[in-house]
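Right, I'll just put the structure down here and ask away after.
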Amino acid sequence: MIKLYNSLTNKIEEFKSIKDKEVMMYVCGPTVYSNIHIGNSRPVIFFDTVARFFKYVGYNVTYVSNFTDIDDKIIKRAREEGVTEKEISEKYISEIKKTYERLNCLPHDANPKVTETMDDIISFIEMLIEKGGAYVVDGDVYFDVSKINEYGVLSGQTVENLIKGARIEQNEKKKNPIDFTLWKATDEGVKWKSPWSEGRPGWHTECVVMINKIFKGPIDIHGGGLDLKFPHHDNEIAQSICAFNNKIANYWMHNGRIDLGGVKMSKSLGNVLWANDLLDKVPYQVYRLLILNVPYRQPLNYKEELLQQATNDYEKIKRSYISLYRDLEMNDFTFDKVEITDENLQNEKETFVEAMSNDFNTANAITSIFKMSKIINNLIRDKNASGEIKKQAMQLYKEMLWVLGIEVDITPLTPEEKNIVCKWYKARNNKDFTLADELRKEINERKIVL
């Protein structure tokens, strides 16, 4: 049984999918006017891990994440660089997809773009107007928040409190100060023709339309960063209630933010650590350990000490994995998939699955991986350990690491390399240290990892 914290109800709930053994999941993607920083990458890594775990326990997963490829920030960047908005968005979509690959994320099932959904967005806004949930003023279209009794259901905000303390730009065109834009008439930047004006859509409308277009109805999980909870996700829900009488998703999941030196990481503040810069510095496995070693709903305050700890942790994982791999390889065992029958290994698997099933507690799952590392180190030292048990341990370790996206890269030995390593082991056992040193030098020169 998988349990998760549902931001919609503010409690831990048992996960029950709409379709048996299927998961429909949508996560808000980036606005593509720059590369992503490590704060942007937290939902990318976390929800990739969520998708991996659902697949691991037998679900068929459809995971979609969009690209917002038209926005004021994109228009501003295009103007600064003297190019078109399309050139900016295509450039950064390409760069961000490369970053996703560098982070070892599984490919999404779809990456819809706003610009490719424009006809659907316009039709959706027309529907909201027809249903009385939106109104037109001077070519702009606004959503009428007063028409939705449950407005603010996700964040717990109320219309009255929002109006009283509104840090919302006053706009005399609006019926209420908290009504939000569905369509913006503009002469600036790229624009599209609509029944109301030439302009472009409001940000809050785009995901609602893309989700409904792809999934044809409500989905299981809608995710994103905590900063999207209000107003973005609340506004999505309001539109979906008006249009389809549903709240888009049965489960809403939000990850905590990443701070840098105790201050919220923000491109506008300029205090960011770019994802690619960190990936240039450390392997993706270290990066993912850094992110996943903190429970996803908690804030993560980035420090160099955390990066160093993640580096040390991955070295331990890597050493035990490679040591067991080489042990099996040198003893001519194959790496075909085997069933986990050993009771101790079964218990470790259950502990790992239980951690992930408990609101995707990746920190506890990593603890299970370290326990597996110790088991593997003991198996390697135990001269009486059977090859079959070692193969099962290898299989389980590999599975656990795959779920977290922390896979160890290793190149099998060629027959010649295997012969050199075999001679080295024999020289060490015979205490022929001169020969062992010579062979070790050759092993290092060939960059053979043991």
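The values are calculated or read from the model by the stated rules, or taken from the named source; none is laboratory data. These figures come from a predicted structure and were not determined experimentally. So basically every Cβ, Gly included, is an ideal-geometry build from the backbone, and we count neighbours across all protein chains shown.
When only residues in the range 426-450 that are part of a helix (DSSP H, G or I) and of a type in the set (Val, Ile, Thr) count, which is nearest to Glu416 (Cα to Cα)?
Of the range 426-450, the ones part of a helix (DSSP H, G or I) are 426-429, 433-445.
Adding the requirement that they be of a type in the set (Val, Ile, Thr) leaves 434, 443.
Values: Thr434: 21, Ile443: 11 Å.
Per the stated criteria, the residue is Ile443.
Check off (1) of a type outside the set (Ser, Thr, Tyr); (2) crowded, with 18+ Cβ neighbours inside 10 Å; (3) touching a strand residue (DSSP E or B) at 6+ places or on another chain (Cβ under 7 Å); (4) within 30 Å of Leu289 (Cα to Cα) for Ala110 and give me the number that stays unchecked.
(2)
Go through the range 1-35 and report how many residues are β-branched (Val, Ile, Thr), surrounded by fewer than 23 Cβ atoms within 10 Å (Cβ to Cβ) and part of a loop (DSSP other than H, G, I, E, B).
Total satisfying the criteria: 3.
Yes/no matrix, rows are residues, columns are (1) surrounded by 14 or more Cβ atoms within 10 Å (Cβ to Cβ); (2) in contact (Cβ under 8 Å) with a residue 12 or more places away in the chain; (3) on the phi < 0 side of the Ramachandran plot:
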position	(1), (2), (3)
Pro283	yes, yes, yes
Glu304	no, no, yes
Asn331	no, yes, yes
Thr341	no, yes, yes
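If you don't mind, there's one more thing I want to ask. Can we say Ser89 is in a helix (DSSP H, G or I) and crowded, with 21+ Cβ neighbours inside 10 Å?
Considered against the rule, which asks whether it is in a helix (DSSP H, G or I) and crowded, with 21+ Cβ neighbours inside 10 Å, Ser89 comes out as yes.
Search the range 171-184 for residues being hydrophobic (A, V, I, L, M, F, W, C) and either under 15 Å from Thr205 (Cβ atoms) or without any contact (Cβ under 8 Å) to a residue 12 or more places away in the chain (or both), and hand back the single one that is surrounded by the fewest Cβ atoms within 10 Å (Cβ to Cβ). Full working, then the answer.
Going residue by residue through the range 171-184, those that are hydrophobic (A, V, I, L, M, F, W, C) are 178, 180, 182-183.
Subsequent filtering for residues that are either under 15 Å from Thr205 (Cβ atoms) or without any contact (Cβ under 8 Å) to a residue 12 or more places away in the chain (or both) retains 180, 182-183.
Details: Phe180: 22, Leu182: 26, Trp183: 26.
Taking the candidates together, the pick is Phe180.
If you go through the range 132-150 one residue at a time, do you hit one that is in the same structural domain as Lys229 (by TED's automatic domain parsing), assigned to a helix (DSSP H, G or I), out of contact with any Leu (no Cβ under 7 Å at 6 or more places or on another chain) and surrounded by 17 or more Cβ atoms within 10 Å (Cβ to Cβ)?
yes
Here's something else I'd like to know. So which residues in the range 396-418 are of a type outside the set (Ser, Thr, Tyr) and assigned to a helix (DSSP H, G or I)?
Of everything in the range 396-418, those that are of a type outside the set (Ser, Thr, Tyr) and assigned to a helix (DSSP H, G or I) turn out to be Leu396, Lys398, Glu399, Met400, Leu401, Trp402, Val403, Pro415, Glu416, Glu417, Lys418.
Out of everything in the range 383-432 that is acidic (Asp, Glu) and within 28 Å of the chain's Cα centre (by Cα), what residue ends up being surrounded by the fewest Cβ atoms within 10 Å (Cβ to Cβ)?
Asp409
In the list Tyr321, Tyr325, Tyr314, which residue meets the criterion of being closer than 29 Å to Ser357 by Cα, within 22 Å of the chain's Cα centre (by Cα) and buried (at least 16 other Cβ atoms within 10 Å of the Cβ)?
Details: Tyr321 fails: within 22 Å of the chain's Cα centre (by Cα); Tyr325 fails: within 22 Å of the chain's Cα centre (by Cα).
Testing whether each residue is closer than 29 Å to Ser357 by Cα, within 22 Å of the chain's Cα centre (by Cα) and buried (at least 16 other Cβ atoms within 10 Å of the Cβ) leaves just Tyr314.
Here are the criteria: (1) farther than 19 Å from Leu289 by Cα; (2) aliphatic (A, V, I, L, M); (3) crowded, with 16+ Cβ neighbours inside 10 Å. Tell me which single one Val353 does not satisfy.
(1)
Based on this model, can you work out whether Ile248 counts as over 30 Å from Pro177 (Cα atoms) and surrounded by 23 or more Cβ atoms within 10 Å (Cβ to Cβ)? Full working, then the answer.
On the way: over 30 Å from Pro177 (Cα atoms): no; surrounded by 23 or more Cβ atoms within 10 Å (Cβ to Cβ): yes.
So Ile248 fails the test.
Go through the range 193-231 and count every residue that is in contact with a strand residue (DSSP E or B) (Cβ under 8 Å, 6 or more places away or on another chain) and under 28 Å from Asp138 (Cβ atoms).
Total meeting the criteria: 15.
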